[in-house]
Structures are given as structure tokens and as C-alpha cells.
Amino acid sequence: MNRNDVAKIWLTEDSIYVELNDGQVGRELFSDYRRLAGASESERNDYRLSYFGIHWPAIDEDLSFQGFFNKSSRES
């Protein structure tokens with residue numbers, strides 16, 4: 001999975017969402033990531049897309065696109 005598969009990214013008060021071109025939507029909670037949980041709204045909104053994920057330069061955090069859709073190994 002890479003940037004070419006991503007149709008849309010959006011943030012809410014407590015989460016970040018990734019929608020793929022095929023309509024699948026993945027969600028990550030900021031509270032699951034220490035740096036994102038402690039970041040200001042401005043820091044959270046200042047992200048860059050790489051080929052394989054999302055990078056927040058001000059807080060040095062990275063999330064892969066694949067991680068939004070690969071939940072089974074983390075939820076067991």
C-alpha cells in the first residue's frame with residue numbers, strides 16, 4: 001500500500017483517517033501514540049505524506065498507510 005492508493009486523509013479532534021481509492025477507511029486514535037496525543041492541533045495538522053505513510057515533522061512521528069488497515073495483529 002502506498003500514497004497512490006490513498007484518496008483522502010482527514011483529522012478529527014481525536015483521530016486521523018485514511019480513505020483508499022477503493023473506499024476502505026482506516027482510523028488511528030491520537031491517544032494511541034504518545035507524540036500525537038501530546039501534540040497541539042497545529043502540530044497535528046502539520047503533516048507530510050511520504051510514499052508509504054504520514055510524517056509529522058514537528059513531533060517526529062510517522063504512521064504507515066498499511067498500519068491503518070492491518071489491525072488484526074495489534075488487537076489480539
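The values are calculated or read from the model by the stated rules, or taken from the named source; none is laboratory data. From a predicted model like this one, the values you see are computed outputs, not experimental measurements. Note that each Cβ is placed from the backbone with ideal geometry, even for glycine, and that neighbours are counted across all protein chains shown.
Miscellaneous remarks
- Residue, surrounded by the fewest Cβ atoms within 10 Å (Cβ to Cβ), within segment 1-35, restricted to residues that are within 13 Å of Leu63 (Cα to Cα) and of a type in the set (Gly, Ala, Ser): Ser15
- Within segment 11-39, residues that are farther than 15 Å from Ile54 by Cβ sit with their Cβ atoms under 7 Å from residues that are assigned to a loop (DSSP other than H, G, I, E, B) and of a type in the set (Phe, Trp, Tyr), at 6+ positions apart or across chains, in these pairs: Gln24/Phe69.
- Residue in segment 29-50 that is of a type in the set (Asp, Glu) and in contact with a strand residue (DSSP E or B) (Cβ under 6 Å, 6 or more places away or on another chain) present: no
- Evaluating Gly38 against the criteria (1) touching a Ser or Thr at 6+ places or on another chain (Cβ under 9 Å); (2) surrounded by fewer than 14 Cβ atoms within 10 Å (Cβ to Cβ); (3) at pLDDT 95 or above leaves one unmet condition, (1).
- Positions within segment 44-68 being closer than 14 Å to Glu13 by Cβ and surrounded by 12 or more Cβ atoms within 10 Å (Cβ to Cβ), in sequence order: Arg44
- Given (1) under 21 Å from Asn4 (Cβ atoms); (2) assigned to a loop (DSSP other than H, G, I, E, B), number of the condition Lys71 does not satisfy: (1)
The rows are residues; the columns are (1) touching a Phe, Trp or Tyr at 6+ places or on another chain (Cβ under 7 Å); (2) among the aliphatic types (A, V, I, L, M).
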| position | (1), (2) |
| --- | --- |
| Val6 | yes, yes |
| Phe30 | no, no |
| Glu43 | yes, no |
| Ser50 | no, no |
| Trp56 | yes, no |
| Leu63 | no, yes |
